[in-house]
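Enquirer: Okay, handing you the structure first.
The values are calculated or read from the model by the stated rules, or taken from the named source; none is laboratory data. This structure is a prediction, so every number in the text was calculated from the model and none was measured. Cβ coordinates were reconstructed from backbone atoms using ideal geometry, including for glycine residues, and neighbour counts include every protein chain displayed. Keep in mind that these areas ignore ligands, DNA and RNA; they rest on the heavy atoms of the full protein, side chains included. Shrake-Rupley method; radii C 1.70, N 1.55, O 1.52, S 1.80 Å.
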Amino acid sequence: MSVLALSVLTLQAQNRYIVKTKGAVKKTATVADDSQSAEEAEEEEKDFLSQYFHYVSMCDWQDGMRFMVIPDKKDMVIKTFADANTGQMVSSSTLRHKIMIYRGHQNTGSLHERVDFECEDDGRRYYFEVPTASFDDYCFGKLGVPTLAYLGDVDTAIQLFKDKTLLTLADEYYVDTDVDGDGYRVLTDIPKNMEVKVVAVGVGTRNFPVKIIVADEQGNEFFQNVAISRTNSGMRDDEFEISNMKFHTFRGAFEMLGDGQAPSSSYKRFIGTTVFTLFNTDMVNANGQKTKVARLSTFKVKSIRAQRGTDYVKMTLIGNSSGTEYTKEVTFKNKNVAGEPNKQYENYFHDLFAQGNPATMEGVRQANLKDVQKGLVRVGYSENEVRLALGKPSTLGQTSNNQYTWVYNYPGQPYTCVVFNPKTRKVAKILK
C-alpha cells in the first residue's frame with residue numbers, strides 16, 4: 001500500500017510540470033522532433049532575469065539538482081542512461097517525463113567516468129557515461145547530459161511568472177494539439193506588444209526547458225518554450241544568437257509588464273504623453289458606448305495594447321479636463337489613400353493625434369480656441385492657431401509684397417489662402 005501511495009505522489013509531482021494549452025486532444029503519446037522550434041536567445045539576461053535564473057556549469061552541479069527526461073527523436077536511437085544495477089542501457093522512451101536527481105560523478109576504473117542520477121519516480125539509480133576520458137574534460141563544455149531539461153529554471157519561472165502580464169515579442173507561438181504527446185500547431189498571427197496573461201508554466205524541451213502558456217484578452221491560449229539560464233541546454237551561446245533561435249529565450253518571446261517594468265519599447269515612448277485630436281472622431285467610453293469626441297480634445301495616453309490578427313492597437317486615453325477614460329483603436333502603419341490628404345487617415349495614429357496640449361502652445365490664445373476648434377481662422381491669428389484650425393497647408397507661397405501664404409486646396413475641401421504679415425507672422429487677410 002505504501003508503495004502505491006509513493007507512486008501516486010511521484011506521479012503527481014511529475015505531472016505538475018506537464019502543461020498544455022486548451023484544446024489539445026487526447027491520443028496515443030508520440031515523441032515529436034523538437035528541432036522544428038529552433039529559435040531564440042539574446043544578450044546576457046540582465047536585471048531581474050539574472051537575479052533569479054543562474055547558469056550552472058556542469059562542473060558546478062550540486063547534489064539534489066533536479067532534471068526531467070525530455071527525449072528528442074535522436075535520443076530514441078542513441079540511448080543516454082544505463083541502469084546502475086545492471087549496466088544495461090535504458091530506452092529513453094521508458095524514462096520520458098521521469099525526474100532525475102543529480103548524485104555526483106565517479107570514476108569506476110573504466111575508460112570513462114560516470115555521472116550519477118537517482119530517479120525520483122521509480123527510485124532506481126541510473127548513470128550517464130561521459131564521452132571523454134574524464135569528467136573534468138567534459139564538464140566545461142556546453143554539451144551537458146542529453147535529454148535532461150533543468151527543472152530549477154521551471155520551478156523559478158512558476159513562482160515568478162504565474163498570473164503575470166507579459167507582452168508578446170516573437171513572430172511565432174504554438175498551440176498544443178495532443179494531450180499526451182508533443183504535437184503542436186504554429187501560430188504566426190500573434191501581434192507583437194499584445195498584453196497576455198500567464199496561465200500556466202511547466203516543462204518544455206531540453207534546449208528550451210521553460211514552457212510558458214499565456215492567454216489573450218479573449219482567453220485564447222498559446223505557448224512558447226524558452227531558455228532562461230541555459231543550464232544544460234546543450235547549446236552554445238552563439239547558437240542562441242541565430243535569428244530563428246531568438247524566439248526561444250524569454251527576452252525574445254516576452255517582455256514583463258507590471259511590477260515596475262516599463263511597457264514594450266515599440267510603444268513606451270507614447271505612454272504617459274499628452275496628445276490631442278486633429279479631427280472629430282469616435283471613441284468608446286468606460287461604459288462601452290461610442291462617443292463623439294471633438295477635434296483638439298486633449299488626452300493623456302494610459303496604455304497601448306496590440307490586437308491579435310490585425311495591424312491595430314487599442315489605446316486607452318484619459319481626458320485632460322474631464323478625467324474620463326476612453327479607448328480608441330488606431331494603427332501605427334500608414335495605409336495611404338490617394339487624394340484624401342487628411343480625414344481618410346483617421347485611424348492612423350500620427351494623422352489623428354498630435355503631441356502636446358493646444359491650450360499651452362506658443363501663440364495659441366484661449367479666446368480663439370473655440371473658433372480654432374471649429375476650423376475657423378481670422379485676421380490676427382498666429383501660425384499655430386491657423387495650423388490647428390486648418391491643418392497642414394497643401395502649398396506654401398509668397399506674394400509680390402513679400403507676404404507669405406499658406407494655401408489649402410485639397411480635393412473635397414473649400415479653397416482657402418491665408419496671407420501672413422512677415423513681420424508679425426500673423427494672419428493679414430484670408431482669401432477664399
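Enquirer: What spacing in nm lies between the two simple spin-label points modelled at R236 and K426, each 7 Å away from Cα in the Cβ direction?
Expert: Distance between the two pseudo-spin positions: 7.2 nm.
Enquirer: If each of A133 and T94 carries a label point 7 Å out from its Cα toward its Cβ, how far apart are those two points in nm?
Expert: Taking the simple label geometry, A133 and T94 are separated by 3.4 nm.
Enquirer: Over segment 47-124, with every protein chain in place, what whole percent of the accessible area is carbon and sulfur at 1.4 Å, could you tell me?
Expert: Details: 1870 of 3900 Å².
About 48 percent, which is the carbon plus sulfur part of the accessible surface.
Enquirer: Going by the alpha-carbon gyration tensor, a ≥ b ≥ c the square roots of its eigenvalues, is segment 167-262 rounded (a/c under 1.5) or, if a/c is not under 1.5, prolate (a/b greater than b/c) versus oblate? Don't jump to the answer; show the numbers that get you there.
Expert: Working: a/c = 1.60, a/b = 1.15, b/c = 1.38.
Judged from the Cα gyration tensor, segment 167-262 comes out oblate (a/c at least 1.5, b/c at or above a/b).
Enquirer: I would also like to ask the following. Could you give the length gained on full extension between E325 and H350, defined as 0.36 nm per residue of separation minus the Cα-Cα distance, in nm? It would help to have the intermediate numbers written out before the result.
Expert: On the way: separation 25, 0.36 × 25 = 9.00 nm, distance 2.05 nm.
In short, 7.0 nm is gained.
Enquirer: Quick one: accessible surface of T281, probe radius 1.4 Å, all protein chains present, in square angstrom to the nearest 10.
Expert: Accessible surface of T281 is approximately 10 Å².
Enquirer: Place a label point 7 angstrom from the Cα of S57 along the Cα-to-Cβ direction, then list the residues of segment 143-175 whose backbone nitrogen is under 15 Å away.
Expert: Inside the label zone: 143-144.
Enquirer: Near the amide H of T291, under 5 Å away, which other amide H atoms are found, from residues 5 or more places off or on another chain, if H is placed in the peptide plane?
Expert: M283, V284, N285
Enquirer: Solvent-accessible area of I430, probe 1.4 Å, all protein chains present, reported in Å² to the nearest ten, please.
Expert: 50
Enquirer: Same structure, new question: Taking the Cα of Q106, stepping 7 Å toward and past its beta carbon, and measuring to each backbone N in segment 115-153: which are under 14 Å?
Expert: The answer is 115-118, 125-129, whose backbone nitrogens lie closer than 14 Å to the label point.
Enquirer: Sort 227-233, 375-381 by packing, meaning the average of other beta carbons within 10 Å per residue, with the highest value first. Walk me through the numbers on the way to the answer.
Expert: Details: 227-233: 25.9, 375-381: 16.1.
Top of the packing list down: 227-233, 375-381.
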